[in-house]
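The values are calculated or read from the model by the stated rules, or taken from the named source; none is laboratory data. Bear in mind the structure is a predicted one, so any value in this text is a computation, not a measurement. When we count neighbours, we look across all protein chains shown, and the Cβ atoms used for this are built from the backbone with ideal geometry, even at glycine. Please note that ligands, DNA and RNA were not included when accessible areas were found on the heavy atoms of the full protein model with its side chains. Shrake-Rupley method; radii C 1.70, N 1.55, O 1.52, S 1.80 Å.
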Amino acid sequence: MDLHTVEAYRHARTRDDLRLAPGESLVAGGTWFFSEPQVDTTGIVDLTTMDWPHIEELPDAGLRIAATCPIAEIATLTPHPAWRAHPLFAQCVNALLASFKIWNLATVGGNICRSFAAASMVSLTAGLDAVAEIWCPDGTDRRVAVADLVTGNGTNALGRGEVLRAVDIPGSSMRAHTAFGKIALAQLGRSGAVLTGRRDEDGTTVIGITAATARPRLLRFAGVPAATELRDRVLALDGYYTDPLGSADWRRGVSAVLAEEIRTELADEVGR
């Protein structure tokens, strides 16, 4: 896409460089940004030149993912011996309808900040209770759960000039047993529902629902829930929506089916 309104392009190398002038927009991989007109943008600030380490191990086997980390690196992440949640990374990457060329350009942070309901990096990070570190224009930082950062289909709680620096996944989530479910109306269509499941070492079970709902929804249980309890909770959620890729009722129904498949898989793990 030719962006005929853009008159300037600059590389950010320090935090001060991230302060936006009127008309400037922050760009990382740019796979969405360059796909359609951006009539309000007159300047681009390139985040990739900040040279943030893409992947960092945190204490207690946690994981930090830089906002500028290409999605392709998530798919091929070398597993730490304690990371039982490792399979979920490739599963969520494959839920993103994109070619390998897009995977190598699109970034984890860009996918989260665009905040589409079917954003696969939202599915991954929200389901693992990741926390976003946000740099504010006044030099302060704030932290917010990814599940709360995304407020709707294409909307989030980022203010003008705020920058997603990284997402931090706690070690307890990385050590959890996980399960995954996805459905789309077409074989190569955008996800209509993406569900993640996680059973932590203390027995806590978390079911994450994305793509089917306008914003991420997390259901928490003290242990693996009974089938009826889980189904009732899934069906009672609000936020299921209708678009050309599926009706709200269909999304609600398939979410209940996928949630039961995940519940069964996690329950089987308990018995092993």
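Things worth noting here:
- Taken over region 236-261, the criterion of being basic (K, R) and closer than 21 Å to A226 by Cα is satisfied by R252 alone.
- Scanning region 256-272 turns up no residue that is under 20 Å from the mean Cα position of the chain (by Cα), open to solvent by less than 40 Å² (accessible area, probe 1.4 Å) and closer than 18 Å to V150 by Cβ.
- Residue check, L158 in contact (Cβ under 8 Å) with a residue 60 or more places away in the chain and not in a strand (DSSP E or B): no
- One residue from R215, R252 being within 19 Å of G127 (Cα to Cα), open to solvent by 40 Å² or more (accessible area, probe 1.4 Å) and assigned to a loop (DSSP other than H, G, I, E, B): R215
- Residue, nearest to the chain's Cα centre (by Cα), within region 1-26, restricted to residues that are in contact (Cβ under 8 Å) with a residue 40 or more places away in the chain and within 16 Å of G110 (Cβ to Cβ): L26
- Residues that are within 15 Å of G171 (Cβ to Cβ) and touching a Lys or Arg at 6+ places or on another chain (Cβ under 6 Å) were ranked within region 75-95; the one that is least open to solvent (accessible area, probe 1.4 Å) is A82.
- Condition check for A66: more than 26 Å from L195 (Cβ to Cβ) and under 15 Å from the mean Cα position of the chain (by Cα): yes
- Within region 219-235, the residues that satisfy the criterion of being open to solvent by 50 Å² or more (accessible area, probe 1.4 Å) and either in a strand (DSSP E or B) or among the polar types (S, T, N, Q) (or both) are R220, T228.
- Top-ranked residue in region 42-54 [being modelled with pLDDT of 95 or more and open to solvent by 50 Å² or more (accessible area, probe 1.4 Å); ranked as nearest to the chain's Cα centre (by Cα)]: H54
- In this structure, V122 does not satisfy being over 12 Å from the mean Cα position of the chain (by Cα) and either buried (at least 16 other Cβ atoms within 10 Å of the Cβ) or not in a loop (DSSP other than H, G, I, E, B) (or both).
- Matching residues, region 181-206, being open to solvent by less than 50 Å² (accessible area, probe 1.4 Å) and in a strand (DSSP E or B): G181, A193, V194, L195, T196, G197, R198, T205, V206
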